[in-house]
Amino acid sequence: MRLLFVMNPSSGTNDPDGIIRSLQTSAAKAGIETRFLFTTGENDDVAIKDVVLSFSPDRIVAGGGDGTVQLVARNIIGLQIPMAILPLGSANGLATALGIPKRLEDAMQIIIEQKKTIPLDLLRLNDNHICIHLCDIGTNALLVKNYEEAGDKGMLGYARHLISSIRDSDLVQFEIRSDGKTHTKEGYMLVVANAHKYGTGVQISEGSVSDGMFEICNVQRIDLESAVKAGLTAINIFVDRKMFSDVIKAREAYIRISPAAHLQVDGEYIGEVTDLKVEIISSALNVIVPDEEQ
């Protein structure tokens, strides 16, 4: 077997050198040929396509957070090469939703030994962004913006900007057109989810990454007191399951936003938007999952 590891050396707070040594040891014991590609933020898409062509891997491993998984996924759409996930980011949203263990040895065992795959849907946003897990408009996107600008790492970094992001969020009007219907919503955050939970484990919906649908969840209010408590424990502003009770299932949607609001995609801040077009890409690729994945 040939494994291509696409690794983000700056993901999370882990020791990258120690992780690489551990992966090489595990692969060598299993008699597996490996190649490592380290992302730099420049020309990564080209680099992945080039090494896939030259190395012809049997499996591609995305080692990092959701941003790294998204990078790998968008470059192997339509290829018959399964993707595995090595969750090394701060939250690891898609890995959490798929039940992939965070412990390095356990994740590596699945990468090497597991044969089970499921088809993974992706989202296309405004014709030029791919989303593997979820995107949102409003409070959480502002939190991601503040986190990135401060150069923070890990969940404690998110906690630093928790309260200010909630206090600085505006009430936003959303007009959602989907399946011939128009829905008018008002809230502090709108979540477009390909998966059913956040990386912290908080449930968003009953959706699936393989059902050819996505969920649009309107968050009408965020309880500051609950958010503070969450920030001191799970470091998560989404503690109330009722926050995600206002849900629309769709295959495609067009969303108008007023006033312009912040957008983040898979943990990466994109900017302020007034319009968002969302389309499902059904069964875009296959992803390796544990047997107990639901």
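Numerical summary
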quantity: Residues of the stretch 43-75 satisfying the condition of being polar (S, T, N, Q), outside any loop (DSSP other than H, G, I, E, B) and more than 23 Å from Leu134 (Cβ to Cβ); calculated: Ser54
quantity: Selection from the stretch 89-110 of residues that are modelled with pLDDT of 90 or more and among the polar types (S, T, N, Q); calculated: Gln109
quantity: Boolean, Ala95 is more than 26 Å from Leu123 (Cα to Cα) and either in a helix (DSSP H, G or I) or among the polar types (S, T, N, Q) (or both); calculated: no
quantity: Complete set of residues in the stretch 164-220 that are crowded, with 19+ Cβ neighbours inside 10 Å, in a loop (DSSP other than H, G, I, E, B), of a type in the set (S, T, N, Q) and out of contact with any Cys (no Cβ under 7 Å at 6 or more places or on another chain); calculated: Ser169, Thr200
quantity: Subset of the stretch 248-267 (residues that are on the phi < 0 side of the Ramachandran plot and buried (at least 17 other Cβ atoms within 10 Å of the Cβ)); calculated: Ile248, Ala250, Ala253, Ile255, Ile257, Ala261, His262, Leu263, Gln264, Val265
quantity: Tally, over the stretch 28-67, of residues that are closer than 16 Å to Pro82 by Cα and out of contact with any helix residue (DSSP H, G or I) (no Cβ under 9 Å at 6 or more places or on another chain); calculated: 7
quantity: Selection status of Asn126, among the polar types (S, T, N, Q) and at pLDDT 95 or above; calculated: yes
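The values are calculated or read from the model by the stated rules, or taken from the named source; none is laboratory data. The model shown is predicted, which means the values in this text are computed figures rather than measured ones. Note that we place each Cβ from the backbone using ideal geometry, even for glycine, and neighbour counts take in every protein chain shown.
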